[in-house]
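Below: one structure, written as structure tokens.
The values are calculated or read from the model by the stated rules, or taken from the named source; none is laboratory data. These figures come from a predicted structure and were not determined experimentally. Note that each Cβ is placed from the backbone with ideal geometry, even for glycine, and that neighbours are counted across all protein chains shown. Calculation scope for accessible area: heavy atoms of the full protein, side chains included, ligands and nucleic acids excluded. Shrake-Rupley method; radii C 1.70, N 1.55, O 1.52, S 1.80 Å.
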Amino acid sequence: MKCWRAYMRRNFMRYLDGELDPQAATRFETHLLDCGWCRGQVARLREGQRFARQIPAPRPSLDRWDEIEAALEHESSLPAGRQSAGSLLRRYQTMAAMSVIALLVAALLITLNMGSSDNQMAGMTYRDDLEKFQAVSILDLPGNTMPHVVTEGYVSELRLDPDGDMTFRLVEDINDPNPFIVCEIIKPITIPPPAIGSRVRVYGVSRYDGQPDRQWYEVHPVLNIEVVRR
Amino acid sequence: MKSQKDHSLSDERALVLLAQIGDRAALREIYDRHRDRVHRVVFYSLDEPLLVEDVLQTIFLKIYRALPHFRFEALLSTWIYRIALNECLNHNQRRRPDQVPLDAILGSGEEIDPAEAVDDQHARREVSRILQQAVLDLPPRLRSVVVLKYVEGLSYDEIARVLECAPGTVASRLSRALIQMEERLRPLRGLL
Ligand SMILES: [Zn+2]
């Protein structure tokens, strides 16, 4: 006869996968001693699991990259009216062109910036306010509780997001990618982006990005960048 | 360990950002990194085994078309699994072929004597084929949880994110799937 304790039945898989906490596992095992039906089910599941663990993982026998690339090329070569909704390469080409323009503008701004004195305030009119920023090293940013920070490091890479924001990484040691923080200049980009390899002081809002694919500390948005060494 | 994971995640983000602006090497890298997992999922999700490679190609084109809209709200692999499974589902719904049920391969439910296996390699191939068929005989919803759990090695939470359902649903589908597999493969206990 089927066991009436539905909540026990719900535990079968978690028990077998070791996902029950020790107390719940003990309760479940105690129940198993008294319940032949559940015992039988667990035995069947365990056997099913044993089979499932042997399911082979097939590997592709062909490399389809050439066909995929050709299909992408083909889509981008169709006249506008005949393109599929996602005419990928054309869209990419437009985005790439926009990124190049944005980077050229950025480079121009950097060049203009180089013409003026070092340690200048870029894009800030409220110089006095800068004193209110908490000075924190890259390494200490995780322990920081102040909203506004200033932190110093080397610019290790610079990227333009498709949505128009610009990010760069700041590292302690130019030859070591870790530890790092990510600095984000939000659009419209009025702060000249720093040159890769330069040492800068970055002023902005400290935060932690907890998204599963990020999980890093950020200065976001960046409010000011001071060039320490080019 | 954590910093290594963070590093690979940020590495993935950089890769996607590059791909989003059309960097061909980045598109290729995404293909290289995810081709095998897409292939495994398609292999077990598609009703027409002969079309696995074609569907894989279609899936990558869909991935690339959708990539500019990828907003890093999930891991790239989670997002890719989702696109792959949806494409297989659509494909299966468009055309339902005649399947060869496991019974046709196994004959009746009699025990198979392992001693009868003349050649070990041949026996192993047969076992693989039978296990594959047992998975393919599961209803699609049960099949995908089994593959994501036991072939792909995802946790309940990760599977729930791919299938956009509750982890409890994953557990209950998994238990139904395993009971069915146990039932079908019981005659082969001696071999497996
Ligand atoms: Zn019971």
Problem - Karplus-derived 3J(HN,Hα), 6.51/-1.76/1.60, for each residue of the stretch A:138-154, Hz, glycine and proline x - result: 4, 5, 8, 4, x, x, 6, 10, 7, x, 9, 10, 10, 9, 10, x, 9
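Order B:S45, B:S172 by their accessible area, 1.4 angstrom probe, all chains in place, largest first.
On the way: B:S45 15, B:S172 55 Å².
The most accessible residue leads, giving B:S172, B:S45.
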Handout entry: Length released on extending from B:R129 to B:D36, taking residue separation times 0.36 nm less the Cα-Cα span
Key = 31.6 nm
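Would you mind giving the mean number of other chain beta-carbons within 10 Å of the Cβ of each residue in B:72-79, as a whole number?
2
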Fill in the blank from the handout: With every protein chain in place, the accessible area of A:D63 for a 1.4 Å probe, in Å² rounded to the nearest 10, comes to 80 Å²
Exercise for the section: Multiply the residue gap between A:E157 and A:R229 by 0.36 nm, knock off their C-alpha separation, and tell me the result in nm, one decimal place. Expected result: 24.3 nm
Fill in the blank from the handout: Counting only residues 5 or more apart in sequence or on a different chain, those whose built amide H sits under 5 Å from that of A:L223 are A:Y203, A:G204, A:V205
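Tell me, what is the FRET efficiency for B:H122 and A:E73 to the nearest 0.05, using R0 = 41 angstrom and their Cβ-Cβ distance as r?
0.40
Within a 10 angstrom radius of each residue's Cβ in B:33-41, how many Cβ atoms of other chains show up on average? Whole number is fine. Kindly include the intermediate steps, with their values, before the conclusion.
Numbers: counts 0, 0, 6, 4, 1, 1, 7, 6, 0.
Other-chain Cβ atoms within 10 Å of each residue's Cβ, averaged: 3.
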Completion exercise
Under a 1.4 Å probe, counting only protein heavy atoms, B:R33 has an accessible area in Å², nearest 10, of 100 Å²
Fill in the blank from the handout: Rounded to one decimal in nm, the spacing of the 7 Å Cα→Cβ label points at A:R46 and B:C165 is 2.7 nm
Handout entry: Convex hull (Cα only) mean projected area of the stretch B:1-98, reported in nm² to one decimal
Key = 6.7 nm²
Handout entry: Cβ crowding within 10 Å averaged over residues, with A:18-24, A:173-179 ranked highest first
Key = A:173-179, A:18-24
Practice task
Determine how large the accessible area of B:K62 is when every protein chain is in place; take a 1.4 Å probe and give Å² rounded to the nearest 10.
Solution key: 80 Å²
